[in-house]
1. Relative to the first principal axis of the alpha-carbon coordinates of the chain, what is the inclination of helix 83-95, with its axis defined by its Cα atoms, in degrees from 0 to 90 and to the nearest 10?
2. Using a 1.4 Å probe on the protein heavy atoms, what percent of the accessible area of the chain belongs to carbon and sulfur?
3. Taking only protein heavy atoms into account and a 1.4 Å probe, give the accessible area per residue of the chain in Å².
4. Multiplying the sequence separation of R193 and D58 by 0.36 nm and subtracting their Cα-Cα distance, what value in nm do you get?
5. Go ahead and estimate [θ] at 222 nm for the chain from helices alone: -39,500 (n - 2.57) per DSSP H run with n ≥ 4, summed, over the residue count, rounded to 500.
6. I need the calculated FRET efficiency for the pair Q43 and V162, taking r as the beta carbon distance and R₀ as 35 Å, to the nearest 0.05.
7. Grab the beta carbon distance between H13 and A227, set R0 = 25 Å, and tell me the FRET efficiency rounded to 0.05.
8. Counting other Cβ atoms within 10 Å, keep those with at most 12, restrict to DSSP loop, and tell me which GluC sites (Glu not before Pro) in the range 77-179 are left.
Amino acid sequence: MLDHYTPEDDTTHTGAAFTEGWMRRFAASARATEAQLTALDQQVGDGDFGTNLRAGLDATVTALDTEAVTVASTAGRAARAGGPLQTAATAFLDGVGGTSGPLFGLLLEELAVAAAGPALDLTALRAGLTGGLAAIQRVGEARPGDKTLVDALYPACEALRVCPAEAGGRTALAHASRAAWEGVRCTARLRARRGRASYVGTRATGVPDPGAVGIGLLLSSAGGVVAELAPLLAEPEPAGPS
């Protein structure tokens, strides 16, 4: 869905206006897919992932709206790309329960710290996502292959690691998004070794990890609102004979 990205997009500033729009699109994606996320989580967890993700992002939008009418905050946000990301991090860390809320809060907080400058560039994205991955693994001790959100975040970090140095923030996010969704699809073939999905054994096989889907939604929402998960969760058609 991010193939509409072009190199020319990187000439567009990726400052606070971009990151605020990103968080607002992430909220719209969570609202549009809440029922689909809930249906996934009911198969492998306690069914509250979609509700918790939406709650965190609704609180984020409310906080962004409040900050938008504060002159001092507006000036501060314009100077720092990570401002809206910190607003989202605070909303998740302070107000969202369950397992996923604090983990998304940690990731967003690392992105906010890395985006201390006026633009969210490749260097900041690498530092933010890698720092977020480390923080999440430090708390949850999950590794790639455990069927958790790490299985989407790790390949996204790897995609940024090999991303051409001349890539701008938007192109880098498109690379990370595609890698994350590949990781999401792989989780359907894994047997869970962490989290609530590990309690249901082979019943979780064939179902993508909802937390990993959330990482895919986060990164895809940098380019647009996601309204339907099915096309992103479907395995690509095998290549035909040449």
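The values are calculated or read from the model by the stated rules, or taken from the named source; none is laboratory data. Note that this is a predicted model, so its numbers are computed, not measured. Glycine also receives a Cβ, built like all others from the backbone with ideal geometry; neighbour counts cover every protein chain displayed. Each accessible area value is taken on the protein alone, full model and side chains, heavy atoms only, with ligands, DNA and RNA left out. Shrake-Rupley method; radii C 1.70, N 1.55, O 1.52, S 1.80 Å.
1. It is inclined by approximately 50 degrees.
2. On the way: 5870 of 10580 Å².
In the chain, the share of accessible area belonging to carbon and sulfur is 55 percent.
3. Numbers: 10580 Å² over 242 residues.
Result: 44 Å² of accessible area for each residue.
4. Computed gain between R193 and D58 is 45.5 nm.
5. Working: 10 runs with 151 residues, N = 242.
Value at 222 nm, helices only: -20500 deg cm²/dmol.
6. Values: r = 34 Å, r/R0 = 0.96.
Using R0 = 35 Å, I get an efficiency of 0.55.
7. Plugging the Cβ-Cβ distance into 1/(1 + (r/R0)^6) gives 0.40.
8. Numbers: sites: E109, E110, E141, E158, E166; in loops: E141, E166.
Here the sparse-neighbourhood loop sites are E141, E166.
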